[in-house]
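A.B. asks: Would you mind keeping the following structure in view while I ask a few things?
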Amino acid sequence: MARSQATARLRKIAPADKLFAKAIDHHKAGRLRDAEKLYRQICELQPAYAESWSNLGLTLLARGVPDEAAAACRRAISINPRYADAYLNLAAALQMSQAFDETADVYRQVIPLLPARADLWNNFGVILTITGRLAQSVLAFREAIALKPDSAEAHFNMARGLATLGWTDEAIKTYRQVLALEPNHAAASSNLGTLLAAAGHFAEAAAMSLRAAALAPDNAEVFCNLGVVMQRQGRVAEAVAAYEKALAIKPDYAAALGNLAAGLQEQFKFDEAASALKQAIAIKPDFDTAMVELIKIRRHICDWSEYDADHHKLIDFIAQKKDAIFMLLLMSFPSTPAQQRDCARLAMKRLNESGARLGPATEARLEAKSSGKIRVGYLSTDFRDHPVGRLLPELFARHDRDKINVIGYALGVEDAGVLRGRIRQACDSFVDLHQMPDLEAARRIQADGIDILVDLTGPTIGSRQEILALRPAPVQVSFLGWPGSMGADFIDYVIADPFVVPREQHMFYTEKVVHLPDCYQPSDPQRPVPSAIPTRAECGLPEDAFVFCSFNNPNKITPEMFDLWMRLLLRVENSVLWLYCKSNQTIENLNLRARTHGVSADRIIYAPVAQYDAYLGRLRQADLFLDSYPYNAGATCNDALWVGLPVLTCAGETYVSRMAGSLLTAAGLPELVTYSLADYEALAIRLATEPDLLGDFKHRLIRGRATAPLFDMGRFAVNLERAYREIQDIRLAGEAPRFIAVEPDAPAAKSNRKNRPSRSTKQRASA
């Protein structure tokens, strides 16, 4: 009985085997229709023939019907769950259908069947990369490399993943391994160049990028990367040429269009930049970064034609949890403290989740602890002639060296200017980190035993938040350079005051707030005195007019505020508005808006860029500084008050809408802080039409330069040191960061301070 059953089974199998052999011949010869027909016959004749189902899947995949192919492969796997080729064919079908999560699951099943296949680990890593599981993809590529150490492809894929994760130093190392294995790997040379440029190794970055372009003269991505490297070095014309070359090769290259727009903006070609961004968005409608840049351009040139739509787009980005970097842009639109905090968190998401942190280093800190001094590191890209840099020299010089060691960490390029010299001189040591990679820079800060690392830049141009994300110091503080919450879990405190960040707003900060008693912002009472005050005629101003002035950047101006200023010109006879502007397009747009109010263009005067001392001299010719809203003046308000120019502001709920109010309060002029635009407008008219009232404020400002807390850097330094002392005590007690309110310093406390005058004749230790 058993023999007859076996014989019958053999008779049934034999025809299927013959058909399968014929199907294979057709398949190898590329006669896919004939092969498919035979595979289907076999599957009908013998439904349990797993090989035929799997090969049927292959032919269907070749015909571009991945769903049917996947079904055939799954049938093969159901017959033989250890049929590795069927899994691989299924993975290919699912990948063609862009079912990447399912593809990843298939690789998890097939890799244990073929554990020595390096190519499977590499392919698995690629799929994980596509699905956004970057950390897992790096682990998969490591497995591929362990099995096949000479796989340039696996090294290259891993390097890309590491770079995307922000693990820059390891990515650089891995790209070097790719080039050791395959010296003419153009994409590796190109990508390495961009990373080296980001880390400040400009000469090698340029060499790598130019070599890549020579190796791959028809590769658009290589030329796009070359443009990025050139732009980082300030070689803007060469960058633009590289982007244009990339677009000549690949006209629908959205990323190159976005980068081209950035280069054109640096050349003040705003119309061309906007056109490039619109093309990029047309090609890639979800190109969020391009949309943000387009909105930035419109704000910069005061093109308010799509103001409401732009505003709503940014708010929608937050609701949709978009991580396009637009924090400063959002601040210039009406937005709530909660929206600004959420935007910051989204922008910092990658760094918050990176998990890359340095371990503790204690030797230098124990040394400092035994001396009783706190080692404070100030990290900034703006130790130069910059609004932030101008506020710092006297504060650094006034720190009490019996209590504080001051170490300056410079991120920006070396600057031979007087301001850089004053800052260098006011520090106990000054370290140039500009050329150091992030990890090396963080390790240097850690090795210096810094107790409190103070970030003076925030996520602005030139910042390197990657250093802070590595946690080189046990406590890290945001101060002065960023007007709000950074949304970063590696920043513990933000320096503020009771006005700029009132208690009811603390919930909108990821940091713990420190309240200094007077003002969040230091001043420089040694700022330059203009050698000659320009006349009104030299400034292009009418001699007998009332001069409203606003020297804030034009991107802070909103249509609502500009319309209010136009009403002031109409109501205040013989008045003019004096604005800072460096773009002809901005001037054209503002003059057009003015005409719609019936205001002639000659009543708006535009001041070009000027050196700092000349700019201070200009301010002396204005009668009243009109602040912007919701993004107030910061350092510009400080300058105006220093030269005796009253500033009128409107305070809102956010940090940026309360900066000028904080400064005015510390200058002894809280009456110039309004809380609605209606009150702002009414007070502006009073000040312009009541000379005695305005004159009183001017006299109070001039007198206050010697006594007001805003300009008393001895007092400010004492209060800041008290904050540092409490921050340090909380840490040493093993407690979590908490709100700190510094009590005002007693006046007598300043007399025994050991100050370090700010001089530029003697150089201090530098590295």
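None of the figures in this text is laboratory data; all of them are computed from the coordinates on show. Computed from a predicted structure; not experimentally measured. Here the Cβ positions follow ideal geometry from the backbone for every residue, glycine too, while neighbour counts run over all protein chains shown.
A.B. asks: Going by the alpha-carbon gyration tensor, a ≥ b ≥ c the square roots of its eigenvalues, is region 535-612 rounded (a/c under 1.5) or, if a/c is not under 1.5, prolate (a/b greater than b/c) versus oblate?
C.D. replies: Working: a/c = 1.68, a/b = 1.07, b/c = 1.56.
Oblate is the answer for region 535-612, as a/c is 1.5 or above yet b/c matches or exceeds a/b.
A.B. asks: A follow-up question, please. What trypsin sites (Lys or Arg not before Pro) does region 677-725 have in DSSP loop regions with at most 16 other beta carbons within 10 Å? Don't skip to the end; give the middle numbers.
C.D. replies: Numbers: sites: R686, K698, R700, R703, R705, R715, R722, R725; in loops: R705.
When the trypsin sites (Lys or Arg not before Pro) of region 677-725 are filtered for loop state and at most 16 Cβ neighbours within 10 Å, nothing remains.
A.B. asks: Angle check, please: helix 2-28 long axis (alpha carbons) against the longest principal axis of the chain (alpha carbons), in degrees 0 to 90, nearest 10.
C.D. replies: The two axes meet at around 50 degrees.
A.B. asks: Also, quick follow-up: Using the Karplus curve 6.51 cos²θ - 1.76 cosθ + 1.60 with θ = phi - 60°, work out ³J(HN,Hα) for each residue of region 317-323 in order, rounded to whole Hz, and write x for Gly and Pro.
C.D. replies: For region 317-323, the Karplus curve yields 4, 5, 4, 8, 6, 6, 10 Hz.
A.B. asks: Using only Cα atoms and rounding to the nearest 10 degrees, what angle (0 to 90) does helix 134-147 make with the longest principal axis of the chain?
C.D. replies: Value to nearest ten degrees: 50.
A.B. asks: Ok, one more. Based on the alpha carbons, how large is the Rg to Rh ratio for region 381-507 when Rh follows Kirkwood? Walk me through the numbers on the way to the answer.
C.D. replies: Working: Rg = 14.5 Å, Rh = 15.3 Å.
In region 381-507, Rg relative to Rh is 0.95.
A.B. asks: Mind pulling the per residue volume of the convex hull built on the Cα atoms of region 2-229? Å³ is fine. Could you put the intermediate results ahead of the total?
C.D. replies: On the way: hull volume 32.7 nm³, N = 228.
Per-residue hull volume (Cα only) is 143 Å³.
A.B. asks: To continue, here is another question. Kirkwood Rh, region 112-166, all Cα pairs: how many Å? Please list the in-between numbers first.
C.D. replies: Numbers: mean 1/r = 0.0937 Å⁻¹.
With all distinct Cα pairs of region 112-166 included, I get 10.7 Å.
A.B. asks: How long, wide and thick is region 491-531, going by the Cα atoms along their three principal axes, in whole angstroms, largest first?
C.D. replies: Cα extents, longest axis first: 47, 21, 14 Å.
A.B. asks: Based on the Cα gyration tensor of region 149-197, what are the three equivalent ellipsoid semi-axes, each the root of five times an eigenvalue, rounded to whole Å and given largest first? All intermediate terms of the calculation are to be shown ahead of the outcome.
C.D. replies: On the way: eigenvalues 48, 28, 12 Å².
Ellipsoid half-lengths, sorted descending, are 15, 12, 8 Å.
A.B. asks: Now a separate question. Kindly provide the trypsin sites (Lys or Arg not before Pro) of region 41-119 that DSSP labels as loop, not H, G, I, E or B, and whose Cβ sees at most 15 other Cβ atoms within 10 Å. Before the final figure, lay out the partial values.
C.D. replies: Numbers: sites: R63, R74, R75, R82, R108, R117; in loops: R63, R82, R117.
Listed in order of number, the matching sites are R63, R82.
A.B. asks: For the chain, what does the convex hull of the Cα positions come to per residue, in cubic angstrom?
C.D. replies: Working: hull volume 155.8 nm³, N = 767.
For the chain, the hull spanned by Cα atoms encloses 203 Å³ per residue.
A.B. asks: Just grab the label-to-label distance for E735 and D271, each label 7 Å out from Cα along the Cβ direction, in nm (one decimal).
C.D. replies: For the pair E735/D271, the computed spacing is 6.2 nm.
A.B. asks: Right, here's the next one. For the residue pair R33 and E538, what label-to-label distance in nm results when each label sits 7 Å from Cα along the Cα-to-beta-carbon direction?
C.D. replies: Modelled inter-label distance: 8.9 nm.
A.B. asks: Rg to Rh for region 286-352: what is it, with Cα atoms only and Rh by Kirkwood? Provide the component values of the computation, followed by the final result.
C.D. replies: Values: Rg = 11.3 Å, Rh = 12.0 Å.
Answer for region 286-352: 0.95.
A.B. asks: So, by mean Cβ neighbours within 10 angstrom, what's the order for 617-627, 143-153 with the highest one leading?
C.D. replies: Working: 617-627: 22.5, 143-153: 17.1.
Put in order of decreasing packing, that is 617-627, 143-153.
A.B. asks: I would also like to ask the following. Residue by residue through region 45-52, which ³J(HN,Hα) values in whole Hz follow from phi under the Karplus form 6.51 cos²θ - 1.76 cosθ + 1.60 (θ = phi - 60°), with glycine and proline marked x?
C.D. replies: Going residue by residue, I get 5, 9, x, 8, 7, 4, 4, 5 Hz, with x marking Gly and Pro.
A.B. asks: Please list, ordered by chain and number, the residues whose modelled amide H lies under 5 Å from the amide H of D432; skip anything fewer than 5 residues away on the same chain.
C.D. replies: A410, A767
A.B. asks: What is the Cα convex hull volume of region 546-704 when expressed per residue in Å³? Walk me through the numbers on the way to the answer.
C.D. replies: Working: hull volume 16.0 nm³, N = 159.
Considering the Cα atoms of region 546-704, their hull volume per residue is 101 Å³.
A.B. asks: Could you give me the ³J(HN,Hα) list for region 72-87, computed from phi with Karplus coefficients 6.51, -1.76, 1.60 and θ = phi - 60°, whole Hz, x at Gly and Pro?
C.D. replies: Computed from phi, the couplings for region 72-87 are 5, 5, 5, 5, 4, 5, 5, 6, 9, x, 10, 7, 4, 4, 5, 4 Hz.
A.B. asks: Sticking to Cα atoms, compute the Rg of region 39-134 to one decimal and its Dmax as the biggest Cα-Cα distance, whole number, in Å.
C.D. replies: Using the Cα atoms of region 39-134, the pair Rg, Dmax is 13.3, 46 Å.
A.B. asks: Rounded to the nearest 500, what is the 222 nm mean residue ellipticity of the chain from helices alone, with -39500 (n - 2.57) per DSSP H run of 4+ residues and division by all residues?
C.D. replies: Values: 34 runs with 410 residues, N = 767.
The per-residue figure over the chain is -16500 deg cm²/dmol.
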